[in-house]
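Trainee: Before I ask anything, let me first share the structure, which is written out below as structure tokens.
The values are calculated or read from the model by the stated rules, or taken from the named source; none is laboratory data. Computed from a prediction, not measured in an experiment: that's the story for all the values here. As a convention, Cβ positions derive from the backbone with ideal geometry for all residues, glycine included, and neighbour counts pool all protein chains shown.
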Amino acid sequence: MSESQNSIQLPVLDISKPLHPSSLSSLSQACKEWGFFHITGHGISQDLYSKLYSLSKHLFSLPSITKLKLGPSSSIKTYTPHFIASPFFESLRVSGPDFFTSAQSSADLLFDQPNSEFSEILQEYGSKMTEISKRILQIVLMSLGDGFERKYYESEFSDCNGYLRIINYSPPEKVEDKEVEGLGMHTDMSCVTIVYQDEIGGLQVRSKEDKWMDIIPCEGTLVVNIGDLMQAWSNEQLRSSEHRVVLKRFVNRISLAFFWCFEDEKVILAPDEVVGEGEMRIYKPFACLDYLKFRESSEKGKFEKVGYTVKDFAGAEL
Ligand SMILES: O=C(O)CCC(=O)C(=O)O
Ligand SMILES: [Fe+2]
């Protein structure tokens, strides 16, 4: 794999405005080629991000022994410590639709004093991200075909749900010629993922030519990427790209990744009209939860790379 650095130009969609046909066509191109794009007009204030940022800093600065009350061996399992995804990665999960209660169950174990500010802020962020995810899915459906959001949004996507991962990447002390991966190459097991990355950058997407391309952070925009569930549902008209996070020496990084997913029982099958006449269906139908379980069982204890994706699980040629 080449380590040479490049950055890509991705479309920036203002989701607060009606979309022009030209924006939809650049969106569908970007989703096919990269599976990544940017959004603005999301309505999340800098002030909310500052609050989330300082809460996250505080949370991860707590002693390990405190954080380990949240997982991986405890009953609530919201905390992923170092050395699971990578030596530099740790994260806290907050699940919807009741983000308040989910955050509160972690806060109760983390903080000595009752702390409802933490849960209130995460509730606010979680519910905003939920609205944004719904809008993004509608836009992505529009980009796939005329009227597709009317045909498919309610029937296929109305029971989707989301969860947030607050991620802290601790700074590596040594960065030699090979890059240090804070999070190794993977695809997301979502329909779409919405990422807030701080100004440090480090998120990279793998091109079809096997090059790592930088997704440069841009103030006020969020990064959206297509996940495996949409790649399968769209019969690969939308690409779930491999991506990773690389770290800079001595630099800490924080990100917020929001995953919007089908409900566990959902059976994913690309509709005929999405597949298109004369085209082959690339995936066999599969239940969402079965795929999540497959990924979980094939990834344990590896920080190098993710070996399997939805193609290995449900590819029609298997
Ligand atoms: O930290 C980031 O910028 C991206 C995280 C990510 O790709 C993930 O959690 O799936
Ligand atoms: Fe990811």
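Trainee: Determine whether Leu70 is crowded, with 19+ Cβ neighbours inside 10 Å and out of contact with any Gly (no Cβ under 7 Å at 6 or more places or on another chain).
Mentor: Considered against the rule, which asks whether it is crowded, with 19+ Cβ neighbours inside 10 Å and out of contact with any Gly (no Cβ under 7 Å at 6 or more places or on another chain), Leu70 comes out as yes.
Trainee: Looking only at strands (runs of 3 or more DSSP E) that lie completely in region 159-278, which have at least 2 residues being within 14 Å of ligand 2 (Cβ to nearest atom), touching a His at 6+ places or on another chain (Cβ under 8 Å) and in contact (Cβ under 8 Å) with a residue 40 or more places away in the chain?
Mentor: Passing ranges, in order: 180-186, 203-206, 222-226, 243-247.
Trainee: Also: I need the full set of residues from region 230-245 which are of a type in the set (A, V, I, L, M) and within 10 Å of ligand 1 (Cβ to nearest atom), in order please.
Mentor: Val245
Trainee: Taking Ile8 and the conditions (1) over 30 Å from Ser234 (Cα atoms); (2) β-branched (Val, Ile, Thr); (3) surrounded by fewer than 18 Cβ atoms within 10 Å (Cβ to Cβ), which numbered condition does it fall short on, given that it satisfies the others?
Mentor: With respect to (1) over 30 Å from Ser234 (Cα atoms); (2) β-branched (Val, Ile, Thr); (3) surrounded by fewer than 18 Cβ atoms within 10 Å (Cβ to Cβ), Ile8 is out only on (1).
Trainee: Just checking, does region 208-230 include any residue being at pLDDT 95 or above, within 21 Å of His82 (Cα to Cα) and surrounded by fewer than 21 Cβ atoms within 10 Å (Cβ to Cβ)?
Mentor: No.
Trainee: Please go through region 29-79 and pick out each residue that is under 14 Å from Asn168 (Cβ atoms) and touching a residue at least 60 places away in the same chain (Cβ under 8 Å).
Mentor: Selection gives Leu52, Tyr53, Leu55, Ser56, Lys57, Leu59, Phe60.
Trainee: Glu176: more than 14 Å from ligand 1 (Cβ to nearest atom), closer than 25 Å to Lys311 by Cα and acidic (Asp, Glu), yes or no?
Mentor: Here the answer is no, as Glu176 does not meet what is asked.
Trainee: If you go through region 13-59, how many residues are surrounded by 13 or more Cβ atoms within 10 Å (Cβ to Cβ) and among the basic types (Lys, Arg)?
Mentor: 2
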